[in-house]
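**Student:** Pasting a structure here, questions to come.
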Amino acid sequence: MSVRRTVGRLAAPEPGWSVGADVVVIGSGIAGLTAALRLRGLVDHVLVVTKDVLDAGSTQWAQGGIAAALGPGDTPEQHERDTLVAGAGACDAEAVRVLVTEGPDAVRELIALGANFDLHPGGELSLTREGGHHRDRIAHAGGDATGAEIQRALIAAVARAPEIEVTEHALAVDLLLAEDGGVAGLTLHVMGEGQRDGVGAVRCRAVVLASGGLGQVFSQTTNPSVATGDGMALAYRAGAVLRDLEFVQFHPTVMWLGPDSLGQQPLISEAVRGEGAFLVDWEGTRFMQGVHELADLAPRDVVAKAITRRMIETGHPHMWLDARHLGGAFWETRFPTILATCRRYDVDPVTELIPVAPACHYASGGVATDVWGRSTLPGLYATGEVACSGVHGANRLASNSLLEGLVFSRRIAEVLPSELRAWVDAAADLHQPWLVDGSCRRALQEEMTGRVGVLRSADGLRSAGHALEELADTPAVTVDQDAWETTNLVTVSSLLAEAALLREETRGSHWREDFPERDDAHQSGHHDWWHAGGVPQHVFRPAAPTDLTTAAR
């Protein structure tokens with residue numbers, strides 16, 4: 001399959017400028033800015049690079065909130081159980097324990113930094129519930145603008161920190177490696193004017209990847225346009241291990257805008273169902289009743305599959321979300337952003353049903369890390385959606401993503417300063433440069449959506465692999481950002497499709513129509529991908545399921 005074509009460096013001009021920094025943080029969402037803020041004062045120079053402007057990543061789009069055991073009667077142990085169950089046996093138990101035990105203090109620190117969460121009249125946090133949670137533990141801001149408020153607070157804190165340098169409109173092209181295979185720097189393409197313009201080199205002693213996910217491999221996604229899998233592809237080319245790429249979460253309630261709508265689609269937060277909205281089919285039947293004990297608040301993979309099944313059974317392109325009973329006043333105070341979005345597309349959720357269908361939302365896999373954010377490559381750390389810390393397993397629990405970025409970025413800052421590599425020169429990169437033409441992107445997205453989306457099969461996955469191989473053989477006419485991003489999309493798509501083919505079971509967000517059951521005896525474990533000496537490598541690492549003993553407590 002096309003995996004064999006995913007190794008090499010991106011074709012790019014030779015660097016025309018160079019700078020140095022102790023640590024380079026790639027990404028400016030909650031994970032990247034938290035890492036930068038925690039590292040200031042611990043290292044001499046932190047450089048944050050982001051492909052667009054500081055607030056253009058996925059964090060600002062997070063509507064529902066951030067999950068932590070902060071409410072009366074809630075405990076980290078209960079949060080742990082819900083996370084492990086949602087993860088369908090594929091979570092790393094130690095990583096989950098870290099997440100839920102350190103999460104409450106991390107959220108309190110975020111509040112102290114200046115993030116304004118919604119409060120009850122008495123001053124305590126207003127907490128709600130989302131899919132898979134058995135407690136009200138989702139803290140939110142601005143009703144349904146949690147991510148935007150968190151991003152605002154973090155950007156304000158960075159503006160007050162002169163130790164942190166920021167370079168916007170900068171695409172990370174490739175890592176520069178030392179003779180020992182560890183990080184020596186990276187190449188950037190900066191779209192700007194003046195001293196730093198075009199491709200340049202940054203010498204550094206460590207890199208923190210916080211570049212987000214890969215949602216743009218699909219035709220419809222809740223992810224912004226910058227989510228082209230750059231960090232995962234960059235890490236893979238450098239020799240770091242990628243893990244669990246087949247586990248892509250499809251959010252069940254994404255607003256359906258029509259069959260020709262492409263790119264970023266409006267998310268209808270799970271919190272709407274947490275406040276009492278429910279799903280119905282075209283006959284008005286509440287089809288989640290009896291599917292799961294939590295009905296409309298079941299984990300996302302369960303709801304997405306139920307919607308997809310009903311769509312297949314009825315031949316309709318979407319189902320409906322009914323939130324009319326919540327009332328206009330409630331909508332305006334609790335979900336003002338979603339209300340405005342719906343009305344912008346001529347749907348008034350106060351009086352009308354909302355058309356919804358599953359769409360790509362979150363990559364549970366990514367760059368494999370330990371519980372301190374270390375990748376398998378010396379000097380490379382990863383946090384947030386680009387990473388596979390193990391906390392999400394086969395299906396992320398709602399509102400755990402922002403928490404993961406907070407917790408593991410704080411942990412990276414605890415260990416990185418004492419692990420800084422010496423300043424070393426980059427070794428010569430002898431890999432063959434490679435670049436796919438940017439015109440291939442639409443065909444790639446259609447192939448991934450049609451054959452590697454919510455419902456998968458061996459025939460479809462093999463067909464996708466062959467199609468991706470053909471796309472990988474389409475050389476770029478022009479060396480530009482479109483070609484770099486498209487090559488990154490081909491890289492992660494090829495690995496994702498191959499991993500999905502190898503996982504012959506249905507688990508969490510990975511749904512195989514030809515293997516409809518979960519198979520702990522043969523499939524419990526993780527697919528790891530990396531390369532050595534220019535040759536792609538793969539291994540399946542068996543692991544006992546982590547949800548069974550917890551579910552029995």
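The values are calculated or read from the model by the stated rules, or taken from the named source; none is laboratory data. On a predicted model such as this, the values are computed, not experimentally measured, just so you know. In this analysis, Cβ positions are derived from the backbone assuming ideal geometry, glycine residues included, and neighbour counts consider all displayed protein chains. These area figures cover heavy atoms from the full protein model, side chains too; ligands, DNA and RNA do not enter into them. Shrake-Rupley method; radii C 1.70, N 1.55, O 1.52, S 1.80 Å.
**Student:** Working carefully through the options E80, E102, find the one that is open to solvent by 20 Å² or more (accessible area, probe 1.4 Å) and either among the acidic types (D, E) or assigned to a helix (DSSP H, G or I) (or both).
**Tutor:** Just a single option satisfies the conditions, and that option is E102.
**Student:** Only one of (1) crowded, with 24+ Cβ neighbours inside 10 Å; (2) out of contact with any strand residue (DSSP E or B) (no Cβ under 6 Å at 6 or more places or on another chain) fails for Y362. Which number is that?
**Tutor:** The one condition Y362 does not meet is (2).
**Student:** Let me confirm something: among L171, L209, L154, which residue is in contact with a His (Cβ under 8 Å, 6 or more places away or on another chain) and under 23 Å from S58 (Cα atoms)? Walk me through how you get there before you give the answer.
**Tutor:** Working: L209 fails: in contact with a His (Cβ under 8 Å, 6 or more places away or on another chain); L154 fails: in contact with a His (Cβ under 8 Å, 6 or more places away or on another chain).
Exactly one residue qualifies, and that residue is L171.
**Student:** From G89, G27, grab the single residue that is small (G, A, S), at pLDDT 95 or above and touching a Pro at 6+ places or on another chain (Cβ under 7 Å).
**Tutor:** Numbers: G27 fails: touching a Pro at 6+ places or on another chain (Cβ under 7 Å).
On inspection, the qualifying residue turns out to be G89.
**Student:** Here's a follow-up. Is there a residue being of a type in the set (K, R), closer than 19 Å to A235 by Cα, in contact (Cβ under 8 Å) with a residue 40 or more places away in the chain and in a strand (DSSP E or B) anywhere in the stretch 8-22?
**Tutor:** Looking for residues that are of a type in the set (K, R), closer than 19 Å to A235 by Cα, in contact (Cβ under 8 Å) with a residue 40 or more places away in the chain and in a strand (DSSP E or B), one finds at least one in the stretch 8-22, hence yes.
**Student:** Every residue in the stretch 38-60 that is open to solvent by less than 20 Å² (accessible area, probe 1.4 Å) and under 16 Å from R160 (Cα atoms), please.
**Tutor:** Selection gives L39, V46, L47, V48.
**Student:** A further question follows. Regarding R421, is this residue part of a helix (DSSP H, G or I) and either at pLDDT below 95 or open to solvent by 30 Å² or more (accessible area, probe 1.4 Å) (or both)?
**Tutor:** Spelling it out, it is not the case that R421 is part of a helix (DSSP H, G or I) and either at pLDDT below 95 or open to solvent by 30 Å² or more (accessible area, probe 1.4 Å) (or both).
**Student:** A further question on this structure: I'd like the full set of residues that are in a helix (DSSP H, G or I) and among the basic types (K, R), limited to the stretch 448-495.
**Tutor:** Scanning the stretch 448-495 gives R451, R462.
**Student:** Still on this structure: Which residue is most open to solvent (accessible area, probe 1.4 Å), if the candidates are limited to the stretch 498-553 and must be outside any strand (DSSP E or B) and of a type in the set (K, R)? Can you show your working first?
**Tutor:** Pass one, the stretch 498-553, residues outside any strand (DSSP E or B): 498-506, 508-509, 513-514, 516-524, 533-534, 543-553.
Now narrow it down to the ones that are of a type in the set (K, R): 503, 518, 553.
Values: R503: 0, R518: 84, R553: 169 Å².
Looking at residues that are outside any strand (DSSP E or B) and of a type in the set (K, R), I get R553.
**Student:** Would you mind stating whether A159 is free of Cβ contacts under 8 Å to residues at least 24 places away in the same chain and more than 30 Å from H292 (Cα to Cα)?
**Tutor:** So A159 passes the test.
**Student:** Might you check whether a residue that is charged (D, E, K, R) and touching a Lys or Arg at 6+ places or on another chain (Cβ under 8 Å) occurs anywhere in the stretch 350-362? Even if it seems obvious, please write down each step before you answer.
**Tutor:** Step one: of the stretch 350-362, the residues charged (D, E, K, R) are 352.
Of the ones still in play, those that are also touching a Lys or Arg at 6+ places or on another chain (Cβ under 8 Å) are 352.
Looking for residues that are charged (D, E, K, R) and touching a Lys or Arg at 6+ places or on another chain (Cβ under 8 Å), one finds at least one in the stretch 350-362, hence yes.
**Student:** Are any residues in the stretch 244-263 out of contact with any helix residue (DSSP H, G or I) (no Cβ under 9 Å at 6 or more places or on another chain) and either under 28 Å from A12 (Cβ atoms) or open to solvent by less than 10 Å² (accessible area, probe 1.4 Å) (or both), and if so, which ones?
**Tutor:** Residue satisfying the conditions is V254 alone.
**Student:** So which residues in the stretch 328-350 are open to solvent by 60 Å² or more (accessible area, probe 1.4 Å), out of contact with any strand residue (DSSP E or B) (no Cβ under 8 Å at 6 or more places or on another chain) and under 18 Å from W256 (Cβ atoms)?
**Tutor:** Of everything in the stretch 328-350, those that are open to solvent by 60 Å² or more (accessible area, probe 1.4 Å), out of contact with any strand residue (DSSP E or B) (no Cβ under 8 Å at 6 or more places or on another chain) and under 18 Å from W256 (Cβ atoms) turn out to be R343, R344, D346.
**Student:** Next question, about the same structure. Does V454 qualify as being aliphatic (A, V, I, L, M) and within 23 Å of the chain's Cα centre (by Cα)?
**Tutor:** Judged against the criteria, V454 is a match.
**Student:** Here's something else I'd like to know. Can you tell me how many residues in the stretch 368-401 are more than 14 Å from G508 (Cβ to Cβ) and touching a Gly at 6+ places or on another chain (Cβ under 7 Å)?
**Tutor:** The qualifying residues number 11.
**Student:** Within the stretch 270-324, which residues are under 26 Å from the mean Cα position of the chain (by Cα), among the acidic types (D, E) and open to solvent by 30 Å² or more (accessible area, probe 1.4 Å)?
**Tutor:** E275
**Student:** Next question. Six or more apart or on different chains, Cβ under 8 Å: which pairs go from a residue in the stretch 99-123 that's over 20 Å from W372 (Cα atoms) to one that's of a type in the set (V, I, T) and outside any loop (DSSP other than H, G, I, E, B)? Could you list them?
**Tutor:** The qualifying pairs are A115/I150; F117/I111; F117/T146.
**Student:** Hey, another quick one. What is the one condition in (1) under 21 Å from W61 (Cα atoms); (2) open to solvent by 50 Å² or more (accessible area, probe 1.4 Å); (3) at pLDDT below 95; (4) out of contact with any Ser or Thr (no Cβ under 6 Å at 6 or more places or on another chain) that I111 does not satisfy?
**Tutor:** Status for I111: all satisfied but (3).
**Student:** Inspect all residues belonging to the stretch 31-51 and state whether any of them is aliphatic (A, V, I, L, M), in a loop (DSSP other than H, G, I, E, B) and at pLDDT 95 or above. Break it down into steps so the answer makes sense when it comes.
**Tutor:** Step one: of the stretch 31-51, the residues aliphatic (A, V, I, L, M) are 31, 33, 35-37, 39, 42-43, 46-49.
Narrowing further to those that are in a loop (DSSP other than H, G, I, E, B): 42.
Applying the additional criterion that residues be at pLDDT 95 or above yields 42.
Yes, the stretch 31-51 has at least one match.
**Student:** Moving on to the next point. Could you tell me whether any residue of the stretch 472-483 is buried (at least 23 other Cβ atoms within 10 Å of the Cβ) and polar (S, T, N, Q)?
**Tutor:** no
**Student:** Looking only at the stretch 429-458, which residues are touching a residue at least 24 places away in the same chain (Cβ under 8 Å), open to solvent by 40 Å² or more (accessible area, probe 1.4 Å) and farther than 21 Å from T221 by Cα?
**Tutor:** D429, H431, Q432, P433
**Student:** Could you list, in sequence order, all residues of the stretch 61-77 that are under 16 Å from the mean Cα position of the chain (by Cα) and in a loop (DSSP other than H, G, I, E, B)?
**Tutor:** Hits for the stretch 61-77 are A62, Q63, G64, G65.
**Student:** Would you mind stating whether L267 is in contact with a helix residue (DSSP H, G or I) (Cβ under 6 Å, 6 or more places away or on another chain) and either of a type in the set (S, T, N, Q) or buried (at least 17 other Cβ atoms within 10 Å of the Cβ) (or both)?
**Tutor:** No: the conditions fail for L267.
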